[in-house]
Amino acid sequence: MEDNQVNKTKLYWTLQFGGWLTFALGQIIVFQTTSRTQIIFWLLEAAVFLVFTHLFRNFIIRRRWLDLKMNKLIPQIMLAVFILSFVVYGARLLISIPLRIYDPTVAWSPETVFGLAAVYGLIFFMWSVLYFIYHYFERYNLSLQHEAATNEIVLNNLKSQLNPHFIFNALNSIRALVDENPKKSKNAITQLSNILRNSLASNRARLTKFEDELQTVKDYLGLESIRYEERLKTEFDIHTDSYNFLVPPLMLQTLVENGIKHGISKLKEGGAIDMKTFVYDNRLKIQIRNTGELETNGVLKKEKEGLGLRNTAQRLSLLYGEEATFKIFNESENVVLTELVIPKHN
């Protein structure tokens, strides 16, 4: 923070000195000045502008004009510019006296006074515009950084909500198998360890390889098949280009889990989970079908059972904005379709 403030101060003074020195040199060149006295005058005039713009900046900061809305800011800027233009004209006269270029008949003529005051007012107005534009853009960038940081925190919180629930279900599945089939339980523990490894890695990443997420889904379904046995059937139809995409970690597993928990688990005869992917226009479409019925027809409930779906919608919004879509609806009488469309990560 300190370094950033030092850099901003250096930038401010560099622009101030560089800008007003350029202004003085521009006048010397435009008016083809060769007189040493006149050159000194142009340089001192630029120094006067430097001093008064700096004082004006301090005044703006003290009066908190940077926080004002446009309808209140513009009239005050115009009034300040009007006053400063005549103040600088007076300072200009004071400079001209010791340099012996002061001519009262010219200096106090209405044409000279109002003409130069108008020019000086325009210069102060342009300086004010540049100053406020810089600060508005800086604040905009800071707001974007703050929003990005906030989104990152929310994403991490959303991911952390999923892990305990997921691990609890997986451990329950293995516990039911340990006494009945030790060999199968060993394989299940391997699957769980793979899932946990991917889960831990996902906490450090916003996105993960589709291949890794697909493997997590398959390991999860392998664990669930212990509970449901013949009641759970699975099928995968994966487009080869899908493996070139990155996806939010644990998102697909959450949607598959949602299909089992709120669909297949409620059916005596069980059901099926099918996953199919398509790739088009640098987008990955993922379709997950599960046997069952969505009572709310796509409306996410406020109860706990809607957490995974609301979580998914919020994560997609934070990561992709309007570029990603998420839908869940009854495709047919006994089939629920969950559909994601995700853009390719650059």
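The values are calculated or read from the model by the stated rules, or taken from the named source; none is laboratory data. Since the model is a prediction, treat every value here as computed from it, not as a measurement. All Cβ positions, glycine included, derive from the backbone under ideal geometry; neighbour counts span all protein chains shown.
Among residues that are part of a helix (DSSP H, G or I), out of contact with any His (no Cβ under 7 Å at 6 or more places or on another chain), closer than 23 Å to residue 16 by Cα and at pLDDT 90 or above, residue 81 is included. Residues that are within 19 Å of residue 180 (Cα to Cα) and surrounded by fewer than 15 Cβ atoms within 10 Å (Cβ to Cβ) within segment 214-238 comprise 229, 230, listed in sequence order. When each of 255, 221, 232 is tested for being more than 25 Å from residue 185 (Cβ to Cβ), of a type in the set (A, V, I, L, M, F, W, C) and assigned by TED's automatic domain parsing to the domain that holds residue 339, the lone residue that passes is 255. Within segment 274-287, none of the residues are modelled with pLDDT under 85 and either aliphatic (A, V, I, L, M) or in a helix (DSSP H, G or I) (or both).
Restrict the check to segment 68-75 and report whether at least one residue is surrounded by 10 or more Cβ atoms within 10 Å (Cβ to Cβ), in contact with a helix residue (DSSP H, G or I) (Cβ under 8 Å, 6 or more places away or on another chain) and either of a type in the set (A, V, I, L, M) or modelled with pLDDT of 95 or more (or both). Yes, segment 68-75 contains at least one residue that is surrounded by 10 or more Cβ atoms within 10 Å (Cβ to Cβ), in contact with a helix residue (DSSP H, G or I) (Cβ under 8 Å, 6 or more places away or on another chain) and either of a type in the set (A, V, I, L, M) or modelled with pLDDT of 95 or more (or both).
Could you please find all residues in segment 11-33 being part of a helix (DSSP H, G or I), surrounded by 14 or more Cβ atoms within 10 Å (Cβ to Cβ) and more than 45 Å from the chain's Cα centre (by Cα)? So that I can check it myself, show each step before the final result.
From segment 11-33, those part of a helix (DSSP H, G or I) are 11-30; that's our starting set.
Filter once more, keeping what is surrounded by 14 or more Cβ atoms within 10 Å (Cβ to Cβ): 12, 16, 19-21, 23-25, 27-28.
The answer is 28, and nothing else.
Filtered by the rule that a residue be touching a residue at least 40 places away in the same chain (Cβ under 8 Å), surrounded by fewer than 20 Cβ atoms within 10 Å (Cβ to Cβ), over 26 Å from residue 242 (Cα atoms) and not charged (D, E, K, R), segment 258-281 gives a lone residue, 270.
If you go through segment 34-46 one residue at a time, how many are touching a helix residue (DSSP H, G or I) at 6+ places or on another chain (Cβ under 7 Å) and either among the acidic types (Asp, Glu) or surrounded by fewer than 15 Cβ atoms within 10 Å (Cβ to Cβ) (or both)?
Result for segment 34-46: 1.
If we scan segment 184-202, do we find a residue that is at pLDDT below 60, in the same structural domain as residue 276 (by TED's automatic domain parsing), within 30 Å of residue 238 (Cβ to Cβ) and not in a helix (DSSP H, G or I)? The answer is no; no qualifying residue exists.
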